[in-house]
Amino acid sequence: MGYKILYIQNERVSKPIEFRGSSLSDLRAFPASPRRDAGYQLDLVQQGLTPDDWKSMNPVGRGVKEIRLRDVAGAFRVIYLARLSDAVYVLHCFQKKTARTRQADLDLAAQRYRDLLKELGL
């Protein structure tokens, strides 16, 4: 009597990315190296994995996170929301100029978060 071996491939489901406001053009304005790194980190998030360097951004909104990128050209940030099942929403992309994140960047991300929830009826 032979044995049947069943192989189940563990496939990750990749969520689509939706860029809100000017976030895609802002990301495209990053220098090549941090732009590539941001793409790689967002790919991890799409697959349900954790980016290499991130921080929670609860002041912006519940479940909002920030990918932190460092390069010789400076510090760059990608603020996103991945807790919703349908997509990864990139709310804001920017270069950090000081140690603290500018209030204007936080306010813009928070406004896009509120607009998204309203649009989705949440």
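Descriptive notes on the structure:
- Residue selected from the stretch 57-75 under the condition of a type in the set (Gly, Ala, Ser) and not in a strand (DSSP E or B), by the criterion nearest to Leu27 (Cα to Cα): Ala73
- Picking from residues in the stretch 94-120 that are within 19 Å of Asp53 (Cβ to Cβ) and assigned to a helix (DSSP H, G or I), the one that is most open to solvent (accessible area, probe 1.4 Å) is Leu106.
- Among the criteria (1) in contact with an Asp or Glu (Cβ under 9 Å, 6 or more places away or on another chain); (2) part of a strand (DSSP E or B), the one Leu91 does not fulfil is (1).
- Residues of the stretch 34-55 satisfying the condition of being part of a loop (DSSP other than H, G, I, E, B) and either farther than 17 Å from Glu18 by Cβ or among the β-branched types (Val, Ile, Thr) (or both): Leu49, Thr50, Pro51, Asp52, Asp53
- Qualifying residue in the stretch 90-99 (condition: touching a residue at least 24 places away in the same chain (Cβ under 8 Å), over 16 Å from Phe19 (Cα atoms) and more than 15 Å from the chain's Cα centre (by Cα)): no
The values are calculated or read from the model by the stated rules, or taken from the named source; none is laboratory data. Quantities reported herein were computed from a predicted structural model and do not represent experimental measurements. FYI the Cβ positions are ideal-geometry reconstructions off the backbone, even for glycines, and counts take in every protein chain you see. The protein model used for the area step is the full one, side chains on, heavy atoms only, and it has no ligands, DNA or RNA in it. Shrake-Rupley method; radii C 1.70, N 1.55, O 1.52, S 1.80 Å.
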